[in-house]
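Here is the structure we will look at, set down as structure tokens.
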Amino acid sequence: MSTAHEVTRREAIDQYRIVGALPEPDLQGLVELAATICGVSTAVINIIDDRAQHQVAAVGVQAASCSVEDSMCAAVLVDPGRVVVPDAREDPRFRDNAFVTGVIASVRFYASSPLITPSGVAIGTLCVFDDEVGDLTDADARALDLLAHQVIDVLELRRLTRGLAESNTRLEQFATQVSHDLRNPLTALSGFLELAADSPEMIDAPRASRSLARAEAAASRMTSMVTDLLDFARMGGARPHFGSVDVGEIVDEVLEDLDGAVVGAGAEVVVDASMLVRADDTLLRVLLQNLIANAVKFTVAAGREPRVFVTVQELPDGWRLLVDDNGDAVDPALRDRMFEPMQRGHDAEVPGLGIGLATCRRIAHAHGGHIGLDRSPAGGTRAWVVLPSDVAA
């Protein structure tokens with residue numbers, strides 16, 4: 001029966017998915033470097049579970065596996081630490097080992113440094129050995145320790161990269177499902193709005209007809225946003241569809257969509273943004289909608305009647321978009337943190353999940369730009385976005 005320690009080690013090894021995997025070039029490079037530095041013919045990376053020793057990279061021998069009972073490194077992993085043995089025949093831990101006696105090999109010089117995970121679990125060794133008696137200088141022994149740390153760094157990077165890829169896959173699946181779930185009611189809504197707009201009763205109700213037309217336009221924009229944002233999620237935000245976009249027109253559409261919130265808050269929105277920029281129109285609309293909605297929402301939370309200013313400034317190599325409000329200025333210590341998902345730098349009672357600014361940052365970065373928060377000349381918060389003009393399509 002495996003001990004708790006062995007189970008923990010096996011679980012730590014399983015996280016790296018290295019046993020039985022294709023050779024990792026970075027690991028192979030590390031064993032070659034270890035052999036060169038230590039002046040030996042053979043170096044291996046051993047991963048040791050409760051049953052076997054697995055050589056996942058090797059130079060001087062063909063990578064293979066053996067039982068724990070035959071493993072020299074398993075004998076020293078009980079008390080992990082650097083081990084240097086000039087002649088294994090004279091060490092009681094190794095003198096009867098099959099790798100020393102000639103049954104498997106005739107190892108004389110042996111040295112190893114443990115592979116210890118960030119959580120403190122020893123999962124194997126970086127081992128160098130030779131069939132001649134030898135030794136390591138202090139500098140070479142320290143180098144062996146450093147290379148063992150590098151082995152763990154490579155394994156950790158592989159694990160984190162794999163985890164990120166799996167997370168992105170799950171996110172794409174989630175986005176696909178959400179898109180599907182949103183499209184169906186939006187399609188139904190658009191259909192009912194169209195039927196209502198075409199009904200004979202609307203001939204004598206021009207005001208209602210105009211309201212229906214605005215609702216149809218908003219539903220159409222929402223459908224377009226759902227489709228384009230799904231594509232954006234699938235691509236990881238890497239390839240927006242660039243074109244020449246009139247910021248003023250985008251802001252007008254945003255204010256149409258936010259009409260209820262703006263009117264309900266008694267907000268005044270001053271716009272001086274009629275300028276063409278190079279951007280993805282859907283993503284820019286999402287960005288501006290988040291920034292303007294935040295400006296209104298948090299100014300109301302500060303107990304003031306919102307005055308929001310949306311402007312665009314032309315730069316020598318791009319444009320700066322500004323959204324100023326007269327609410328409370330964000331504490332400088334919180335400005336960077338507010339762009340992290342689920343972070344709230346303002347009143348925690350304000351509705352929302354705290355992902356709007358994280359979305360804005362992702363959109364800005366996808367455009368090759370930057371986003372930040374400052375104190376506004378209007379007394380509250382200024383959200384700024386810099387978009388470069390030289391962006392690959």
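The values are calculated or read from the model by the stated rules, or taken from the named source; none is laboratory data. This structure is a prediction, so every number in the text was calculated from the model and none was measured. Surface accessibility is based on the protein's heavy atoms, side chains included, excluding ligands, DNA and RNA. Shrake-Rupley method; radii C 1.70, N 1.55, O 1.52, S 1.80 Å.
Solvent-accessible surface of the chain, averaged per residue with a 1.4 angstrom probe and all protein chains in place: 52 square angstrom. Taking the longest Cα principal axis of the chain as reference, the axis of helix 356-366 is set at about 70 degrees. Our estimate of slack between T169 and R320, defined as 0.36 nm per intervening residue step minus the Cα-Cα distance, is 51.0 nm.
Calculate what fraction, in whole %, of the accessible area of segment 80-219 sits on carbon and sulfur atoms when a 1.4 Å probe is rolled over the protein chains. Carbon and sulfur atoms account for 57 percent of the accessible area of segment 80-219. What do you get for the angle between helix 247-257 and the principal long axis of the chain? Use alpha-carbon atoms, 0 to 90 degrees, nearest ten. On a 0 to 90 degree scale, this one is about 80.
Distant-in-sequence amide contacts of A267, defined by a placed amide H-H separation under 5 Å and a gap of 5 or more residues or a different chain, comprise nothing.
Of W384, W319, the residue with the largest accessible area leads and the full order is W384, W319 (1.4 Å probe). Helices in the chain, meaning DSSP H runs of at least 4 residues, each add -39500 (n - 2.57). Divided by all residues, the mean residue ellipticity at 222 nm is -15000 deg cm²/dmol.
Enclosing the Cα atoms of the chain in their convex hull gives a volume equal to 212 cubic angstrom per residue. Counting only Cα atoms, the size of segment 157-197 along its three principal axes is 57, 10, 5 Å, in decreasing order. Under 5 Å from the amide H of H370 lie the amide H atoms of V386, each residue being 5 or more positions distant or on a separate chain, with H modelled from the backbone and absent for Pro and chain starts.
Please compute the length gained on full extension between Q62 and R93, using 0.36 nm multiplied by the number of residues separating them and subtracting their Cα-Cα distance. Don't jump to the answer; show the numbers that get you there.
Numbers: separation 31, 0.36 × 31 = 11.16 nm, distance 2.43 nm.
Between Q62 and R93, full extension yields an extra 8.7 nm.
Available extension along the chain between M222 and A4 is 73.1 nm, counting 0.36 nm per residue and deducting the alpha carbon span.
Taking a 1.4 Å probe, which of D26, D336, D324 shows the most accessible area, and what order do the others take after it?
On the way: D26 90, D336 125, D324 10 Å².
Highest to lowest solvent-accessible surface, that is D336, D26, D324.
The HN-Hα couplings worked out from phi for segment 306-322 by the Karplus form 6.51 cos²θ - 1.76 cosθ + 1.60 (θ = phi - 60°) are x, 10, 10, 10, 10, 9, 10, 10, 8, 10, x, 10, x, 9, 10, 9, 10 Hz, whole numbers, x standing for Gly and Pro.
Projected onto its three principal axes, the C-alpha set of segment 90-215 covers 105, 32, 20 Å, listed from the longest axis down.
Relative to the longest principal axis of the Cα atoms of the chain, the long axis of helix 138-197 makes an angle of roughly 30 degrees.
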